[in-house]
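Engineer: Dropping the structure in here first, questions after.
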Amino acid sequence: MDPTTLQAATGCTAVTADQFAAAITDCMDRFGIDTPERQAAFLAQVAHESGRLRYVRELASGQAYEGRADLGNTERGDGQRFKGRGLLQTTGRKNYSELQSKLEEFGYTDVPDFAAEPMRLEEPEWAAASAGLYWATRHLNQYADSGDFITLTKRINGGLNGYEDRCNCWSKAKDALC
């Protein structure tokens, strides 16, 4: 995907499209996000979750995740250290710790130890890769294929938070790709 198409599909700036185009293209290739319908749904969700590729780190402090054993946040400061990062917001020590080996299973090399270097998840390559991994391991292509954007949104967000904006993003992405 070239930067111009990425900009049209997500509403990001030209500079941001230049920074992310190669990483998002590689991610979509590796994780089977390989039809215009799948790509439009993926980019719509990514565009909403990241503020049009503007944010690769959660805006909140992460304090709400402090002490959350379900996220593996068992040490003091884990909530802030392992707050959401990446285009679809990987959150929690446990998820950061597992990310390296999971990405290597999909052929990525020189993958950082995100538990040791959480900020690396903000780099375009890893921000996109983590989003693609999330998409693939939760089998989200099936919802993109069937056009079930409600279930797709719930699988990413847990509910329908921002659904109207997600639909607007989806429409824009379909116009650019389909």
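Engineer: Could you tally the net charge around Gly107, taking each other residue with its Cβ under 14 Å from the Cβ of Gly107, Lys/Arg +1 and Asp/Glu -1?
Structural biologist: -4
Engineer: Multiply the residue gap between Asp175 and Ser101 by 0.36 nm, knock off their C-alpha separation, and tell me the result in nm, one decimal place. Working shown, then result.
Structural biologist: Working: separation 74, 0.36 × 74 = 26.64 nm, distance 3.59 nm.
That pair, Asp175 and Ser101, stretches by 23.0 nm at full extension.
Engineer: A further question follows. Sort Cys27, Cys167 by Cβ crowding within 10 Å, fewest neighbours at the top.
Structural biologist: Listed from fewest to most nearby Cβ atoms, that is Cys167, Cys27.
Engineer: Could I ask something else about it? Mind checking the full-extension length gain between Asp113 and Cys167? Use 0.36 nm per residue of separation minus the Cα-Cα distance, one decimal, nm.
Structural biologist: Contour length minus Cα-Cα distance gives 16.0 nm.
Engineer: Pop the C-beta distance of Thr151 and Arg54 into the FRET formula with R0 = 45 Å and round what comes out to the nearest 0.05.
Structural biologist: That gives a FRET efficiency of 0.95.
Engineer: Something else: What's the longest piece of the chain with no exposed trypsin sites (Lys or Arg not before Pro), counting a site as exposed if DSSP puts it in a loop and it has at most 14 other beta carbons within 10 Å?
Structural biologist: On the way: sites that count: Arg54, Arg76, Arg138.
Longest stretch, sites excluded: 77-137.
Engineer: For the stretch 3-177, what does the convex hull of the Cα positions come to per residue, in cubic angstrom?
Structural biologist: Each residue corresponds to 102 Å³ of Cα convex hull volume.
Engineer: Taking the Cβ of Leu121 as the center, what net charge do the other residues with Cβ under 9 Å away carry, scoring Lys and Arg +1 and Asp and Glu -1?
Structural biologist: Working: positive: Arg57, Arg85, Arg120; negative: Glu117, Glu122, Glu123.
Local net charge: 0.
Engineer: Hey, another quick one. Could you tell me the distance between the Cα centroids of the stretch 54-80 and the stretch 22-38, to the nearest Å?
Structural biologist: Here the answer is 29 Å between Cα centres.
Engineer: Please find, in a Gaussian network model of the chain (springs between Cα atoms separated by less than 10 Å), the residue of Thr13, Thr109, Thr151 whose mean-square fluctuation is greatest.
Structural biologist: With Cα springs under 10 Å in the chain, the top fluctuation among Thr13, Thr109, Thr151 is at Thr109.
Engineer: Further question: For the chain, what is the mean residue ellipticity at 222 nm derived from helices alone (per DSSP H run of n ≥ 4: -39500 (n - 2.57); sum divided by total residues; nearest 500 deg cm²/dmol)?
Structural biologist: Details: 9 runs with 100 residues, N = 178.
Value at 222 nm, helices only: -17000 deg cm²/dmol.
Engineer: What's the exposure ranking of Val111, Val15, going from fewest to most Cβ atoms within 10 Å?
Structural biologist: Val15, Val111
Engineer: Another question, then. Counting other beta carbons within 10 Å of each residue's own, what order do Asp78, Asp18, Asp145, Asp110 fall into, fewest first?
Structural biologist: Result, fewest neighbours first: Asp110, Asp145, Asp18, Asp78.
Taken together, the values in this text are just the output of simple stated rules run on the coordinates, not laboratory data. Quick caveat, the model's predicted, so the values are computed rather than measured. We place every Cβ from the backbone using ideal geometry, glycine too, and count neighbours over all the protein chains shown.
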